[in-house]
Amino acid sequence: MAITQAMCTSFKKELLEGTHNFKNSGGSTFKLALFTSSATLGAATTAYSTTNEAIGTNYTAGGLALTRVDPSSSGTTALTDFADLTFSTASVTANGAVIYNSSASDKAVIVLAFGGDKTSTAGDFTIQFPAADASNAIIRIA
């Protein structure tokens, strides 16, 4: 079992079909769910599933909604991002996460691999997203 960081292949196709809307006003709802090291996630992931999802105090199945950063462009790169996300006062261990569109049948967008187990014990479990620029944004199309 492994979690491999990737933009989901199904997401790339769904972009061309107009399935996902990242605009702040009227856009889709995106969530982030945490997963254990027993999960098998990567580019072939197509949707959020509870299989091997993390379990813990102050962590609810399905994760939390993300706050979107309006899409923009820089040079020839289109990008979008999310505000950092915190599971407050959580006791949970996760090895990775899935960002998914809960407005569109829980379709997967991106798999995040943490590079090992990350744990919080009655503390904040924070997902810190990179800078929203053409070189670092979590979603970039160049």
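Computed values, structure above
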| read-out | value |
| --- | --- |
| Any chance Thr40 is surrounded by 15 or more Cβ atoms within 10 Å (Cβ to Cβ), out of contact with any Gly (no Cβ under 6 Å at 6 or more places or on another chain) and touching a residue at least 24 places away in the same chain (Cβ under 8 Å) | no |
| Qualifying residues in region 68-122 (those that are of a type outside the set (Asp, Glu) and modelled with pLDDT under 95) - the one least open to solvent (accessible area, probe 1.4 Å) | Arg68 |
| Checklist (1) open to solvent by 60 Å² or more (accessible area, probe 1.4 Å); (2) modelled with pLDDT of 95 or more; (3) within 21 Å of Gly115 (Cα to Cα); (4) more than 15 Å from the chain's Cα centre (by Cα) applied to Met1, failing item | (2) |
| Yes/no for Thr40 being of a type outside the set (D, E, K, R), at pLDDT 95 or above and touching an Asp or Glu at 6+ places or on another chain (Cβ under 8 Å) | no |
| Selection count, region 123-142, where residues are surrounded by 14 or more Cβ atoms within 10 Å (Cβ to Cβ) and outside any strand (DSSP E or B) | 5 |
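Okay, residues lined up against (1) more than 15 Å from Gly96 (Cβ to Cβ); (2) assigned to a helix (DSSP H, G or I); (3) among the hydrophobic types (A, V, I, L, M, F, W, C):
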residue: Phe11; (1), (2), (3): yes, yes, yes
residue: Leu16; (1), (2), (3): yes, yes, yes
residue: Asn21; (1), (2), (3): yes, no, no
residue: Asn24; (1), (2), (3): yes, no, no
residue: Lys31; (1), (2), (3): no, no, no
residue: Ser38; (1), (2), (3): no, no, no
residue: Ala44; (1), (2), (3): no, no, yes
residue: Ala61; (1), (2), (3): yes, no, yes
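The values are calculated or read from the model by the stated rules, or taken from the named source; none is laboratory data. Computed from a prediction, not measured in an experiment: that's the story for all the values here. Neighbour counts run over all protein chains shown; Cβ positions are idealised from the backbone, glycine included. Calculation scope for accessible area: heavy atoms of the full protein, side chains included, ligands and nucleic acids excluded. Shrake-Rupley method; radii C 1.70, N 1.55, O 1.52, S 1.80 Å.
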